[in-house]
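Novice: The following block contains the structure, expressed as structure tokens.
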Amino acid sequence: MPTDADADALVEVRDLTTMLSGKAVFDGLSLDIPRGKVTAIMGPSGTGKTTLLKHITGQMRPDRGTLRVDGQNVPTLGREALYALRERIGYLFQNSALLTDYDVFENVAFPLRQHARLPEVLLRNIVLTKLQAVGLRGAARLMPSELSGGMARRVALARAIVFDPMLILYDEPFVGLDPIALNQVLKLIRTLNRTLGITSILVAHEFAAVRQVADGVHLIANGRLVASGTPEQLARGESDWTRQFFGGEADGPVPFQYPAGDYAEALGFTGAAA
Amino acid sequence: MSADMKTKAPRGGMLVDGLAQIGACGLFLLALLGAIPRSLRHLREISRQVWFVGAMSLVIIMISGLFVGMVLALQLYYTLSIFGGTAALGTVVALSLYRELGPVITALLFAGRAGTAMTAEIGLMRATDQLAAMEMMAVDPIAFVATPRFLAGVIAMPLLANVFSMLGLLGAHLVGVTWLGVDNGTFWSNMTSNVDVWKDIVNGTWKALAFGVVVSLIAVFQGYTAPPTSEGVAYATTRTVVFASIVILALDFVMTAFLM
Ligand SMILES: Nc1ncnc2c1ncn2[C@@H]1O[C@H](COP(=O)(O)OP(=O)(O)O)[C@@H](O)[C@H]1O
Ligand SMILES: [Mg+2]
């Protein structure tokens, strides 16, 4: 159990409980995200990884529990304070969420135009630098509809880092990337973390990629933290959870099936047949 | 699974749902108005939207105005000639257009053309997480997306209604003077001496402004609250046309009664 004395945590989640459509997505979840590290959040689909990121950024509020980001309890923040905090957080949406009205350049420039009065030359240089970092400087004048899923993801990544945030949240950044782009994005995550010291939270399913960048992994299932440690520790599979998750077995503590009634009954094989 | 587990609250039928919608729409209007000071920082976005809704509706409104004016002239010429009053053609056409048909038909066309586009656009922005992305970039989507579109509609409607009426006059002149042979001088002089700029044209402009407020409010509200699915957005777009049309015609009656 993590304690409140942990001063090195940028994000502290304590006893988080959230009900969504009558189901407890979080059931007393507690975890720490250490400052200056890359922490991966892993777990079965539908377990609430995206929802956790939305809680950390105040897009959703929990029913109970606290979420401290850099000392501030997010669920209690007002609009102004929340927006001030978000200016220091980069967020990579699972589906990129580029603004379809603007081209690639203007999408990346958007946060700068909204929050900083910069000379056009400087703004242009910053945007082109970020686009170069994701390998898409040449695509600056394309519209989002002209990009593939992987390209859109990289533009969204450039946009998320344009302000050099203190914290970046990546929601499944590797999906749909070819091996070359995947390597670039991995390198970028590592560089942002190692050279600028940006704390990163990485939601991903690709363990091979995760173990290359993550300093620590939190495995969540059934609304709770079920295992955490370095990628190597988890890969050794010392608990039922990790054995099942990393071994990809359908049976174990995590049910493969979404909770449902009796299968035979649903197919109409009970009672009436007799 | 019993039915009461699926519905969150007991439903009071269409009346209660309708009242709840109107209440939510009223609160949304307050949010829009409250965001005006903040959205003034996005002047570029407001002018872009004015240009967008204006340019989008201009052609259809000009063509419709021309034909409505032509039909008016034909019908009224026939009626007036029974009383030997064709000299009043210009006056009657101008009054009908500026006081009534200009604002009302422009608003109906505007709802169908620009209103639906606003609803669909905002609904899709929600469905593709663009509004959430703005929130995450510390940009308030009400101030950046909703209010500029609302203001653009409010600004564009009176301008478009006046364009409609002017083109209507042109159409009436074509039919009345060029085709049916009403004297050109009579057409204009009778009109200018009987149409009161303040009473008639300004009253019509007030109407157009009021229609601009309700159509834009309905369009933006429907888009902003549409369920984030293709079906939800499609349904919201339809509702914009239906609700806006009803409100325009009802409000027209009320305003006419008060402004007469
Ligand atoms: N807005 C919402 N309303 C109701 N249920 C939701 C909502 N968002 C997510 N959920 C539910 O919460 C659970 C976690 O979703 P999510 O965080 O997207 O999972 P993942 O770990 O795959 O990112 C899912 O069971 C999903 O059905
Ligand atoms: Mg997810």
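Just so it is clear, none of the values below were taken in a lab; they were calculated from the coordinates. All values reported here derive from a predicted model rather than from experimental measurement. Note that we place each Cβ from the backbone using ideal geometry, even for glycine, and neighbour counts take in every protein chain shown.
Novice: Compute the projected area of the convex hull of the Cα atoms of chain A, averaged over all viewing directions, and report it in nm² to one decimal place. Kindly include the intermediate steps, with their values, before the conclusion.
Specialist: Values: hull surface 71.8 nm².
Here the figure is 17.9 nm², rounded to one decimal.
Novice: Just want the answer: with Cβ charges of +1 for Lys and Arg and -1 for Asp and Glu, which residue in B:GLN49, A:ILE189, A:ILE168 is farthest toward the dipole's positive end in the protein assembly as shown?
Specialist: Result: B:GLN49, furthest along the dipole toward the positive end.
Novice: Need one word for region A:26-77: rounded, prolate or oblate. Basis is the Cα gyration tensor (sqrt eigenvalues a ≥ b ≥ c); a/c below 1.5 gives rounded, then a/b vs b/c decides.
Specialist: The shape class here is oblate.
Novice: Could you work out the mean projected area of the convex hull around the alpha carbons of region B:33-259, in square nanometres to one decimal? It would help to have the intermediate numbers written out before the result.
Specialist: On the way: hull surface 54.1 nm².
In nm², the orientation-averaged hull projection of region B:33-259 is 13.5.
Novice: Rg to Rh ratio, region A:172-226, alpha-carbon atoms and Kirkwood radius?
Specialist: Details: Rg = 12.2 Å, Rh = 12.2 Å.
Using Cα coordinates only, the ratio equals 1.00.
Novice: Let's test the formula: R0 of 35 Å, r as the Cβ-Cβ distance of A:SER148 and B:ARG44. What FRET efficiency results, to the nearest 0.05? Mind dumping the intermediate values first?
Specialist: Values: r = 30 Å, r/R0 = 0.86.
My answer for the efficiency is 0.70.
Novice: Using the Karplus curve 6.51 cos²θ - 1.76 cosθ + 1.60 with θ = phi - 60°, what ³J(HN,Hα) values do you get for each residue of region B:194-204, in whole Hz, with x for Gly and Pro?
Specialist: Listing the rounded values in order: 10, 8, 8, 4, 6, 5, 8, 6, 5, 4, x Hz.
Novice: Here's a follow-up. Only helical DSSP H runs with n ≥ 4 go in: add -39500 (n - 2.57) per run for the protein assembly as shown, normalise by residue count and round the 222 nm mean residue ellipticity to 500 deg cm²/dmol.
Specialist: Numbers: 22 runs with 293 residues, N = 534.
So the calculated ellipticity at 222 nm is -17500 deg cm²/dmol.
Novice: Can you put A:LEU147, A:LEU192, B:LEU259 in order of Cβ neighbours within 10 angstrom, beginning with the fewest?
Specialist: Working: A:LEU147 19, A:LEU192 22, B:LEU259 14.
By the 10 Å Cβ count, ascending: B:LEU259, A:LEU147, A:LEU192.
Novice: Let me ask something additional. Average partner chain C-beta neighbours within 10 Å, per residue of B:133-146? Walk me through the numbers before you get to the answer.
Specialist: Values: counts 13, 5, 7, 17, 16, 14, 8, 3, 0, 0, 0, 3, 2, 0.
Mean shielding count: 6.
Novice: Let me ask you something else. In debye, nearest 20: dipole of region B:33-259 around its Cα centre with unit charges on the Cβ of K, R (+) and D, E (-)?
Specialist: Its charge dipole is roughly 240 debye.
Novice: How tilted is helix A:104-115 with respect to the longest principal axis of chain A? Cα atoms for both, answer in degrees (0 to 90, nearest 10).
Specialist: It works out to around 80 degrees.
Novice: Show me, for region B:25-41, the HN-Hα J-couplings you get by feeding each phi into the Karplus relation (A = 6.51, B = -1.76, C = 1.60, θ = phi - 60°), rounded to Hz, glycine and proline as x.
Specialist: Computed from phi, the couplings for region B:25-41 are 5, x, 5, 5, 4, 4, 4, 4, 5, x, 8, 4, x, 6, 6, 5, 5 Hz.
Novice: Among the DSSP beta bridges whose two residues both lie in chain A, what percent are antiparallel, rounded to the nearest 5?
Specialist: Numbers: 21 of 38 bridges.
Taking every DSSP beta bridge within chain A, about 55 percent pair in antiparallel fashion.
Novice: Same structure again: Express the relative contact order of region B:33-259 as a whole percentage, based on alpha carbon pairs under 8 Å and six or more residues apart in sequence.
Specialist: Reported as a whole number, the value is 35 percent.
Novice: Also: If I take R0 = 35 Å and measure r between the Cβ atoms of B:VAL254 and A:GLU120 in this structure, what FRET efficiency does the formula 1/(1 + (r/R0)^6) give, to the nearest 0.05?
Specialist: E between B:VAL254 and A:GLU120, to the nearest 0.05, is 0.10.
Novice: Amide H of A:SER30: which non-local residues (sequence gap of 5 or more, or other chain) have their own amide H closer than 5 Å, using H built in the peptide plane?
Specialist: Amide H to amide H, under 5 Å and 5 or more residues apart or across chains, A:SER30 pairs with A:ASP15, A:LEU16, A:LEU225.
Novice: What list do you get for B:ASP129, B:ASP196 if you sort them by fewest beta carbons within 10 Å?
Specialist: In increasing order of surrounding Cβ atoms, one gets B:ASP196, B:ASP129.
Novice: What nm distance separates the two modelled labels at B:ALA234 and B:THR178, each placed 7 Å from Cα along Cα→Cβ?
Specialist: In this crude label model, B:ALA234 to B:THR178 measures out at 4.4 nm.
Novice: Near B:ARG99, within a Cβ-to-Cβ distance under 12 Å, what is the net charge of the other residues, with Lys and Arg +1 and Asp and Glu -1? Walk me through the intermediate numbers first.
Specialist: Details: positive: B:LYS199, B:LYS207; negative: B:GLU100, B:ASP196, B:ASP200, B:ASP252.
Net charge in that neighbourhood comes out at -2.
Novice: Next up: Name the longest site-free stretch of chain B, where the excluded sites are trypsin sites (Lys or Arg not before Pro) in a DSSP loop with no more than 16 other beta-carbon atoms within 10 Å. Could the numbers behind the result be given before it?
Specialist: Values: sites that count: B:LYS8, B:ARG11.
Result for the longest clean stretch: B:12-260.
Novice: Once you treat every alpha carbon in the protein assembly as shown as an equal point and sum by Debye, what is log10 I(q)/I(0) at q = 0.05, 0.13 Å⁻¹?
Specialist: -0.31, -1.26
Novice: Looking at the protein assembly as shown only, what percent of DSSP beta bridges run antiparallel? Nearest 5 please. Could the numbers behind the result be given before it?
Specialist: Working: 21 of 38 bridges.
Here the antiparallel bridges make up roughly 55 percent for the protein assembly as shown.
Novice: Then there's this: Under a crude label model (7 Å from the Cα following the beta-carbon direction), how far is A:THR76 from B:ILE36 in nanometres?
Specialist: Placing both labels 7 Å along Cα→Cβ, they lie 3.6 nm apart.
Novice: Quote to one decimal, in nm, the extra length available between A:ALA24 and A:ARG190 on full extension: 0.36 nm per residue of separation minus the C-alpha distance between them. Could you put the intermediate results ahead of the total?
Specialist: On the way: separation 166, 0.36 × 166 = 59.76 nm, distance 3.41 nm.
That works out to 56.3 nm of additional length.
Novice: Count of lysine pairs in the protein assembly as shown with Cα atoms under 18 Å apart, counting only pairs 8 or more residues apart in sequence or on different chains? Mind dumping the intermediate values first?
Specialist: On the way: A:LYS23/A:LYS49; A:LYS23/A:LYS54; A:LYS23/B:LYS6; A:LYS23/B:LYS8; A:LYS37/A:LYS187; A:LYS130/A:LYS187; B:LYS199/B:LYS207.
The number of close lysine pairs in the protein assembly as shown is 7.
Novice: DSSP loop (so not H, G, I, E, B), at most 16 other Cβ within 10 Å: list which chymotrypsin sites (Phe, Trp or Tyr not before Pro) in region B:65-170 pass both filters. Walk me through the numbers before you get to the answer.
Specialist: Numbers: sites: B:PHE67, B:TYR77, B:TYR78, B:PHE83, B:TYR98, B:PHE110, B:PHE144, B:PHE150, B:PHE164; in loops: B:PHE83.
Those that pass, being in a loop and sparsely packed, are B:PHE83.
Novice: On to the next question. Could you work out the mean count of beta carbons from other protein chains within 10 Å of each residue's beta carbon in A:108-116? Walk me through the numbers before you get to the answer.
Specialist: On the way: counts 0, 0, 5, 5, 1, 3, 8, 3, 0.
That average works out to 3.
Novice: Where does the longest stretch of chain A lie that holds no GluC sites (Glu not before Pro) found in a DSSP loop with 13 or fewer other Cβ atoms within 10 Å? Walk me through the numbers on the way to the answer.
Specialist: Details: sites that count: A:GLU238, A:GLU249.
That gives A:1-237 as the longest site-free run.
Novice: Give a residue-ordered list of calculated ³J(HN,Hα) values for region B:104-121 (Karplus: 6.51 cos²θ - 1.76 cosθ + 1.60, θ = phi - 60°; whole Hz; x for Gly, Pro).
Specialist: Once θ is set to phi - 60°, the couplings for region B:104-121 become 5, 5, 4, 5, 5, 5, 4, 4, x, 8, 7, x, 4, 5, 4, 4, 4, 5 Hz.
Novice: Counting other beta carbons within 10 Å of each residue's own, what order do A:SER96, B:SER193, B:SER47, A:SER21 fall into, fewest first?
Specialist: Working: A:SER96 25, B:SER193 10, B:SER47 14, A:SER21 6.
So the ranking, lowest neighbour count to highest, is A:SER21, B:SER193, B:SER47, A:SER96.
Novice: Okay, moving on. Label-point separation (nm) for B:ALA20 and A:ARG211, each offset 7 Å from Cα along Cα-to-Cβ?
Specialist: Distance between the two pseudo-spin positions: 5.2 nm.
Novice: Hey, got the dipole for the protein assembly as shown? About the Cα centre, +1 on K and R Cβ, -1 on D and E Cβ, debye to the nearest 20? Walk me through the intermediate numbers first.
Specialist: Details: 42 positive and 42 negative charges, 202 e Å.
Magnitude of the dipole: close to 980 debye.
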